[in-house]
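Peer 1: Could you have a look at this structure, given as structure tokens, before my questions?
The values are calculated or read from the model by the stated rules, or taken from the named source; none is laboratory data. What you see is a predicted model; the values in this text were computed from it and never measured. Note that each Cβ is placed from the backbone with ideal geometry, even for glycine, and that neighbours are counted across all protein chains shown. Accessible surface is based on the protein model in full, side chains and every heavy atom, while ligands, DNA and RNA are left aside. Shrake-Rupley method; radii C 1.70, N 1.55, O 1.52, S 1.80 Å.
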Amino acid sequence: MADQTFDVIVIGAGPGGYVAAIRASQLGLKTAIVEREHMGGICLNWGCIPTKAMLRSSEVFHLMHRAKEFGLKAEGIDYDLPAVVDRSRKVAKQLSSGVGHLMKKNKITVVMGAATLPAKGTVKVKTDKGEETLKAKNIILATGARARELPGLEADGERVWTYKHALQPPHMPKKLLVIGSGAIGIEFASFYNTLGAETTVVEVMDRILPVEDAEISAFAKKSFEKQKMKIIQKGMVKQLDRAKDKVTAHIEVDGKVEKMEFDTVISAVGIVGNVEGLGLEELGVKIDRTHVVVDEYCRTGVDGLYAIGDIAGAPWLAHKASHEGVVVAELIAGKNKVHPVRPEAIAGCTYCHPQVASVGYSEAKAKELGYTVKVGRFPFIGNGKAIALGEQEGMIKTVFDAKTGELLGAHMIGAEVTELIQGYVVGRQLETTEEDLMETVFPHPTLSEMMHESVLDAYDRVIHI
């Protein structure tokens with residue numbers, strides 16, 4: 001095929017790349033997108049979406065076992081793991097197909113294949129029909145990331161899994177070890193534990209969910225242990241001895257190594273940016289620990305070359321990637337008042353049971369940054385809607401600057417907090433103070449009332465506790 005010239009070429013069609021392409025096209029830029037595997041990237045196909053579909057199945061299964069509490073009868077409760085997996089794959093396929101439709105609707109040229117950047121402004125794509133050369137003044141890298149694998153703990157797909165294997169399990173674990181307690185590890189631990197696997201989570205840090213506020217982490221640990229999950233903190237898996245039907249893990253805690261047997265291991269120890277084989281170093285792109293170094297506007301320092309999403313560093317979240325895609329497209333189009341991405345304004349959500357969500361600074365981080373803080377808390381058990389739902393376990397915590405009333409952070413654990421958190425995200429974006437939040441009328445009966453009460457508690461005005 002003859003050389004093709006565009007205003008913008010996006011490499012990678014995940015939630016960062018395809019959103020960047022759509023926004024660029026909306027702004028009148030001739031746009032192409034290159035994808036080597038599947039439209040929608042990891043998030044739609046192997047991450048955010050299929051995991052939430054599976055977690056929804058486990059949530060319903062959990063509720064079915066509680067039928068008697070709600071005056072209902074349910075007998076012979078069981079699950080069909082292949083059917084659970086099949087549903088999650090269908091959900092992922094539906095959304096992946098939808099991305100293809102959006103590309104057509106927005107007149108974006110789609111090229112399926114592996115991209116390299118042999119020179120500034122040039123993208124070569126190796127397709128199943130040969131090689132294509134695309135040119136553009138502006139190129140957006142959105143190649144994402146993959147699971148990190150530690151030496152000796154590599155996945156084999158049979159007894160030792162990454163998230164991909166856990167989404168299409170060859171068997172149902174009976175005794176499961178999850179290495180790592182970040183969002184991915186805890187979500188899979190929650191899913192398989194709910195379905196009956198005897199689950200152990202090992203975390204190298206001094207607490208699980210280490211990026212969350214310490215109080216939320218402690219609450220989560222108690223909740224998981226109540227669900228008969230075993231939590232090992234400040235532990236390190238040093239070695240895995242593999243046999244046909246079992247894995248023996250050597251787990252070090254406080255300098256002592258204990259051997260424990262499992263039939264399945266899930267490794268969830270972080271991610272590695274997909275930076276190899278693109279020709280980035282030759283172009284002068286700086287790479288730090290597998291991630292492209294960018295400024296607040298996602299610029300790499302190489303003229304016309306941007307990087308967004310997981311390849312551009314933390315937080316590794318789909319919505320952060322999408323927002324960066326929009327920012328870069330608007331920057332390229334010359335739009336005025338393009339606001340840089342602020343990581344502390346981006347919410348994190350973990351869909352375990354109970355759910356965890358947060359935005360902004362933890363109490364400890366705020367103090368570390370020199371703020372004098374006011375902190376409010378409100379328990380789910382004090383909320384009428386939570387009690388009616390049978391979801392009395394949880395809390396909401398808010399952190400304010402004592403001098404200005406600025407909302408510095410919000411941290412939640414409990415039912416539907418991944419939906420509730422956006423209220424505080426909007427509040428922070430609008431530079432809301434404690435006074436604005438206290439004077440806002442929250443509808444009753446809703447879980448959102450707890451957000452109000454948490455703010456009131458920070459200023460000794462709480463009503464319902």
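Peer 1: Quick check on the range 1-55: of everything there that is among the acidic types (Asp, Glu), surrounded by fewer than 22 Cβ atoms within 10 Å (Cβ to Cβ) and touching a strand residue (DSSP E or B) at 6+ places or on another chain (Cβ under 7 Å), which residue is farthest from Arg89 (Cα to Cα)?
Peer 2: First pass over the range 1-55, keeping only residues among the acidic types (Asp, Glu): 3, 7, 35, 37.
Restricting the remaining residues to those that are surrounded by fewer than 22 Cβ atoms within 10 Å (Cβ to Cβ) gives 3, 7, 37.
Now drop any that are not touching a strand residue (DSSP E or B) at 6+ places or on another chain (Cβ under 7 Å), which leaves 3, 7.
Numbers: Asp3: 37, Asp7: 35 Å.
Checking each candidate, the answer is Asp3.
Peer 1: Scan the range 396-412 and give yes if some residue there is surrounded by 21 or more Cβ atoms within 10 Å (Cβ to Cβ) and charged (D, E, K, R), otherwise no. If you could, list the steps in order and put the result at the bottom.
Peer 2: Looking only at the range 396-412, we keep the residues that are surrounded by 21 or more Cβ atoms within 10 Å (Cβ to Cβ), and these are 396-400, 407-412.
From what's left, charged (D, E, K, R): 397.
Within the range 396-412 (the criterion being surrounded by 21 or more Cβ atoms within 10 Å (Cβ to Cβ) and charged (D, E, K, R)), the answer is yes, since at least one residue qualifies.
Peer 1: Of all residues in the range 215-247, which are touching a Phe, Trp or Tyr at 6+ places or on another chain (Cβ under 8 Å) and open to solvent by 10 Å² or more (accessible area, probe 1.4 Å)?
Peer 2: First, pick out the residues of the range 215-247 that are touching a Phe, Trp or Tyr at 6+ places or on another chain (Cβ under 8 Å): 231, 246-247.
Result: Ile231, Lys246.
Peer 1: Next question, about the same structure. Where residues in the range 88-124 are touching a Gly at 6+ places or on another chain (Cβ under 7 Å), of a type outside the set (Gly, Ala, Ser) and open to solvent by less than 50 Å² (accessible area, probe 1.4 Å), which of them is farthest from Val8 (Cα to Cα)?
Peer 2: For the range 88-124, the residue satisfying everything is Val99.
Peer 1: Name the single residue, out of those in the range 203-258 being of a type in the set (Lys, Arg) and in contact (Cβ under 8 Å) with a residue 12 or more places away in the chain, that is farthest from Ile413 (Cα to Cα).
Peer 2: Our first condition is that a residue be of a type in the set (Lys, Arg); within the range 203-258, this holds for 207, 221-222, 226, 228, 230, 234, 238, 242, 244, 246, 256.
Checking the rest, the ones that are also in contact (Cβ under 8 Å) with a residue 12 or more places away in the chain come to 207, 221, 228, 230, 234, 238, 242, 246.
Values: Arg207: 16, Lys221: 11, Lys228: 18, Lys230: 19, Lys234: 22, Lys238: 31, Arg242: 36, Lys246: 34 Å.
Filtering the range 203-258 for residues that are of a type in the set (Lys, Arg) and in contact (Cβ under 8 Å) with a residue 12 or more places away in the chain, the one farthest from Ile413 (Cα to Cα) comes out as Arg242.
Peer 1: If you don't mind, there's one more thing I want to ask. For the range 125-135, check the following and say yes or no: at least one residue is in contact with a Cys (Cβ under 9 Å, 6 or more places away or on another chain), within 21 Å of Ile308 (Cα to Cα) and open to solvent by less than 20 Å² (accessible area, probe 1.4 Å). Steps first, please.
Peer 2: Pass one, the range 125-135, residues in contact with a Cys (Cβ under 9 Å, 6 or more places away or on another chain): none.
No, the range 125-135 contains no residue that is in contact with a Cys (Cβ under 9 Å, 6 or more places away or on another chain), within 21 Å of Ile308 (Cα to Cα) and open to solvent by less than 20 Å² (accessible area, probe 1.4 Å).
Peer 1: Please determine whether any residue of the range 443-461 is open to solvent by 30 Å² or more (accessible area, probe 1.4 Å), at pLDDT 95 or above, touching a strand residue (DSSP E or B) at 6+ places or on another chain (Cβ under 7 Å) and under 20 Å from Ala357 (Cα atoms).
Peer 2: Within the range 443-461, one or more residues are open to solvent by 30 Å² or more (accessible area, probe 1.4 Å), at pLDDT 95 or above, touching a strand residue (DSSP E or B) at 6+ places or on another chain (Cβ under 7 Å) and under 20 Å from Ala357 (Cα atoms).
Peer 1: Could you tell me which residue of the range 69-87 is nearest to Ala388 (Cα to Cα), considering only residues that are part of a loop (DSSP other than H, G, I, E, B) and open to solvent by 50 Å² or more (accessible area, probe 1.4 Å)?
Peer 2: Step one: list which residues in the range 69-87 are part of a loop (DSSP other than H, G, I, E, B), which gives 71-80.
Checking which are open to solvent by 50 Å² or more (accessible area, probe 1.4 Å) leaves us with 71-73, 75-76, 78-80.
Details: Gly71: 13, Leu72: 15, Lys73: 18, Glu75: 23, Gly76: 26, Asp78: 26, Tyr79: 27, Asp80: 30 Å.
If we take residues in the range 69-87 being part of a loop (DSSP other than H, G, I, E, B) and open to solvent by 50 Å² or more (accessible area, probe 1.4 Å), then Gly71 is nearest to Ala388 (Cα to Cα).
Peer 1: Among (1) modelled with pLDDT of 95 or more; (2) surrounded by 15 or more Cβ atoms within 10 Å (Cβ to Cβ); (3) among the hydrophobic types (A, V, I, L, M, F, W, C); (4) in a strand (DSSP E or B), where does Val257 come up short?
Peer 2: The failed condition is (2).
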